[in-house]
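Undergrad: Here it is, the structure, as structure tokens.
We did not get these values from a lab; they are worked out from the coordinates using the rules stated. Fair warning: this is a prediction, and the values are worked out from it, not measured in the lab. In this analysis, Cβ positions are derived from the backbone assuming ideal geometry, glycine residues included, and neighbour counts consider all displayed protein chains.
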Amino acid sequence: MIEEKEVEIEENLLAKAAMDRIIKDEDFLKIPCKNVTKEEMDTPQIRNIIEDLVSTALDLDKANKLQCAGLSANQLGYNKRIFVIKMSGRYKVFINPEIIFANKTRSSTEGCFSFPGRQTTVDRFIDISVRCANQSGVKKLKKDKAIYFQHELDHLNGIAI
Ligand SMILES: [Zn+2]
């Protein structure tokens with residue numbers, strides 16, 4: 001039991017450290033992010049951003065009270081069009097993501113790590129087709145996954161809740 005408790009405390013500390021790193025400056029978050037160029041695509045700089053996003057999302061997600069559905073590059077201070085969203089228990093990376101088809105809306109009440117304690121209700125599409133520069137073809141996302149995608153895409157466009 002003691003060991004379990006220790007693990008829990010450690011995970012909460014990691015989550016707190018990750019939480020402290022999240023950008024909460026609304027002026028910065030309102031700056032739209034730049035596309036990752038073809039030349040940049042497979043560089044150490046971009047790989048570092050991806051690693052940082054995934055490991056920070058995992059740290060946030062480990063704590064009992066937090067769940068990290070997604071995280072965008074500008075929330076960690078990078079002005080690049082990259083985000084991760086949780087899909088089937090793993091963080092999937094989207095570079096230069098786009099929505100190419102959207103259908104059916106639902107109202108969605110959302111929180112954000114950049115605005116702790118704030119909740120906003122917005123209309124979201126619940127059936128979207130998307131593409132991005134690091135995956136071939138078109139991907140269909142429905143319900144919660146579609147909503148996560150739109151929340152993070154808003155971040156990249158400088159729209160914060
Ligand atoms: Zn957010």
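Undergrad: Could we say that residue 48 is over 18 Å from residue 115 (Cβ atoms), in contact with a helix residue (DSSP H, G or I) (Cβ under 9 Å, 6 or more places away or on another chain) and without any contact (Cβ under 8 Å) to a residue 60 or more places away in the chain here?
TA: no
Undergrad: Just need a number here: residues in segment 72-125 that are polar (S, T, N, Q), without any contact (Cβ under 8 Å) to a residue 60 or more places away in the chain and part of a strand (DSSP E or B).
TA: Here the count works out to 7.
Undergrad: Just to verify a result, which residue in segment 92-132, among those that are in contact with a helix residue (DSSP H, G or I) (Cβ under 9 Å, 6 or more places away or on another chain) and of a type in the set (A, V, I, L, M), is farthest from residue 47 (Cα to Cα)?
TA: Only one residue tops the list, namely 122.
Undergrad: Still on this structure, I have one more. Out of the residues in segment 83-133 that are polar (S, T, N, Q) and loosely packed, with under 12 Cβ neighbours inside 10 Å, state the one that is farthest from the chain's Cα centre (by Cα).
TA: 103
Undergrad: Going by the structure shown, is residue 51 surrounded by 10 or more Cβ atoms within 10 Å (Cβ to Cβ), among the acidic types (Asp, Glu) and under 17 Å from residue 89 (Cα atoms)?
TA: yes
Undergrad: Select from segment 104-150 the residues that are among the hydroxyl-bearing types (Ser, Thr, Tyr) and touching a Pro at 6+ places or on another chain (Cβ under 6 Å) and list them in ascending order.
TA: Initially, segment 104-150 is screened for residues among the hydroxyl-bearing types (Ser, Thr, Tyr), giving 105, 107-109, 114, 120-121, 129, 136, 148.
None - no residue of segment 104-150 is among the hydroxyl-bearing types (Ser, Thr, Tyr) and touching a Pro at 6+ places or on another chain (Cβ under 6 Å), so the list stays empty.
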